Amino acid sequence: MKRVTLSFLLLLAVVFTAGAQSAQYESAMTKQVALLDDPASFNPAKLGEISNTFERIAAAEKSQWLPYYYAAYSQVMAALIEQNKDKVDAIVDKVDANLAKVDELSPNNDEAACIKSLAATARLMVDPQSRGMQYGMASAQELQKAQTINAENPRVYLLQGQSLFYTPEQFGGSKARAKEKFQAAIEKYASFKPASKLAPHWGEKRAKELLAEANK
């Protein structure tokens, strides 16, 4: 009887400890994800701080893919707005390392493919003339992969439209096709339901801004 009681108490201790860890994880992630919803966070220094925090969460929660994902997302956004192009490749190397972890924990992940597309775009922007063909193709292929995995992901259409909008027409860009993609993204956002409150949900405001800009 004593052995049964001890086992029961140990089980309760494990359950309560797991619950406390889960609550701590949810709280830390919610706070950091909210920072990414704030436009004031979008400068390289702040995004660097946020990505460092996500990496610390990932180190403590090694079975969760979202901390690695958001670390990569923060880093790729920092790379895209970094004015010193000499720093970009090193930042994107960190993105690739975090996405490799996402691939291990969540294979065939459409959200990760979207970030890989942005990572390729960031490398392209370092030197479009010499890198355009290699990384332009890589970026498009990742979006195609994301669309194949989940055709209802609105971020796929936002990023496809963004690429068409900012690419010169002589290299395949088209404002008319970009508008179609932005409209499709907005329609997808209207019905898209993230898998959880921590799941990726960014981009709707950006899609509307770009459609308005394309309509001018």
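Per-structure values
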quantity	calculated
Förster radius 22 Å - calculated FRET efficiency between Ile81 and Lys205, Cβ distance, rounded to 0.05	0.85
Mean separation of Cα contacts under 8 Å, 6 or more apart, over the residue count of the chain: relative contact order %	13
Alpha-carbon spread of region 86-143, three principal axes, descending order, Å	35, 23, 12
More than 16 angstrom apart: percent of Cα pairs within region 147-206	44
Reduced Cα scattering model of region 52-163, Debye log10 I(q)/I(0), q = 0.09, 0.21 Å⁻¹	-0.22, -1.13
Given [x] 80, 39, 31; [y] 48, 43, 34; [z] 70, 38, 35, the label whose value is Cα extents along the principal axes in Å derived from this model	[x]
Inter-site label distance for Lys31 and Lys193 at 7 Å from Cα along Cβ, in nm	3.0
Radius 13 Å from Cβ of Tyr25, net charge of other residues (Lys, Arg +1; Asp, Glu -1)	+2
Glu169-Ile149 FRET efficiency (beta carbon distance; Förster radius 41 Å; 0.05 resolution)	0.85
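Every read-out reported here was derived from the displayed coordinates using simple, explicitly stated rules and does not represent laboratory data. The model shown is predicted, which means the values in this text are computed figures rather than measured ones. Backbone-built Cβ (ideal geometry, glycine too); neighbour counts: all protein chains shown.
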